[in-house]
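Before any comments, here is the structure.
The values are calculated or read from the model by the stated rules, or taken from the named source; none is laboratory data. Here the structure is a predicted model, which means the values were calculated and not measured. Cβ: placed from backbone, ideal geometry, glycine included. Neighbour counts: every protein chain shown. All accessible areas refer to the heavy atoms of the entire protein, side chains included, with ligands and DNA or RNA removed. Shrake-Rupley method; radii C 1.70, N 1.55, O 1.52, S 1.80 Å.
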Amino acid sequence: APAPRAACEAGRTLERLTLLHVGDTHGHFHGYLSEGRSPFAVLRGFVERKRAESGGRVLFLDAGDAFLEPKSAVDLDFLSRQEQDLYLSSLDRMRYDAVAVGTTELLLGPDSFRERTRRLSTPYLTANVRAAARSVSGSLP
């Protein structure tokens with residue numbers, strides 16, 4: 001069924017857009033709402049249902065701070081880095097429309113951020129964060 005429309009001035013129609021967002025996950029999705037199933041699968045299923053119900057008029061966003069929050073680079077040993085990569089690839093499969101670059105994404109520097117996200121299809125966005133005169137996210141000019 002098409003998304004509901006509301007009449008507005010001058011004969012134009014107003015389209016409904018649903019915004020879904022997550023933020024400050026700091027490298028974890030807890031399973032307390034998932035009843036033993038993968039919390040990623042539960043959230044992706046919810047988003048997909050909302051997209052289907054609205055005819056695709058949904059923006060699924062992340063407000064940033066999705067990376068683990070180490071106190072230093074030393075805190076991210078090999079296993080922690082592997083866990084972070086698994087988390088990021090799981091997020092990538094959830095088909096976010098955009099993810100903001102938060103403070104945790106930049107804790108280990110812009111080069112580390114670029115390296116961790118370069119194979120992902122998720123668009124990471126920044127505003128006013130630059131390193132060496134180019135955007136940190138690579139998603140913006």
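Taken one residue at a time, the phi angles of segment 93-105 give Karplus couplings (6.51, -1.76, 1.60, θ = phi - 60°) of 6, 7, 6, 5, 7, 6, 10, 7, 8, x, 5, 5, 5 Hz. Gly and Pro are set to x. Between D111 and E35, the C-beta separation translates, for a Förster distance of 41 Å, into a calculated FRET efficiency of about 0.55. Across the protein chains, with a 1.4 Å probe defining accessible surface, the residues V101, V47 rank V101, V47 from largest area downward.
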